[in-house]
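The values are calculated or read from the model by the stated rules, or taken from the named source; none is laboratory data. These numbers were taken from a predicted model, which means no experiment stands behind them. Please note: Cβ atoms are built from the backbone with ideal geometry, for glycine as well, and neighbour counts cover all protein chains shown.
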């Protein structure tokens, strides 16, 4: 009986070991779940140089708070942007947002009028539409680059002129995954007195901490041309984002103005989800 029990126990143990070995073989044969960056544009002021994959829709949104140096604070939401992948190099873009005391949305990819000069609250909502196209792929010293052409049309507020915006972005990715991107953005914007030019250069260094977590540091600014009192509004802005799933990203960026024309502080908390 004792021998039979020992043999039975040994068989049970061998079966259990064999099952564990089999599970290990199956697990090793199945590839681990890979987390690939969604390449959202809301992650920083500098847009990603990537277009969204064909047949997918990448939806982005944010809540933005801007502590203006003079006048009331700005609240902008939902900063909605839907990027519709058409091919490997092209996407359509549609979206919309609402802001109180917009003042030109100097810290995000959204665009608006110049706000009121008398310090009273201005409410504004708009829709955006346009496209993004890859222009070059990274090869040796040739950067990966893209062109974004958009228009922002107000649906309510003090100003009702459509603002055309053109952005050219380019950058390089290292073997370690670090990315250095830069961009120049031009907008023909409507002010209280007349239309004016607005230039916005930016540069950002993006560093992956893990497969799902990335941090970045960025400099960007907005510079007017054509106003009675020209404005120079540069910012320093760190930020981070985290992939909750392969198709869902959350992130936050903060920033501090470096001149009296720039807002004292801003925060931008948002998400990106791919369908």
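Things worth noting here:
- Search result, residues across segment 215-265 that are more than 23 Å from residue 181 (Cβ to Cβ) and part of a strand (DSSP E or B): 224, 225, 244, 245, 265
- Positions within segment 51-102 being assigned to a loop (DSSP other than H, G, I, E, B), touching a residue at least 60 places away in the same chain (Cβ under 8 Å) and under 23 Å from residue 202 (Cα atoms), in sequence order: 51, 52, 68, 69
- Single unsatisfied condition, residue 10 versus (1) at pLDDT 90 or above; (2) assigned to a helix (DSSP H, G or I): (1)
- Answer from 169, 217 - the residue that is in contact with a strand residue (DSSP E or B) (Cβ under 6 Å, 6 or more places away or on another chain) and surrounded by 17 or more Cβ atoms within 10 Å (Cβ to Cβ): 169
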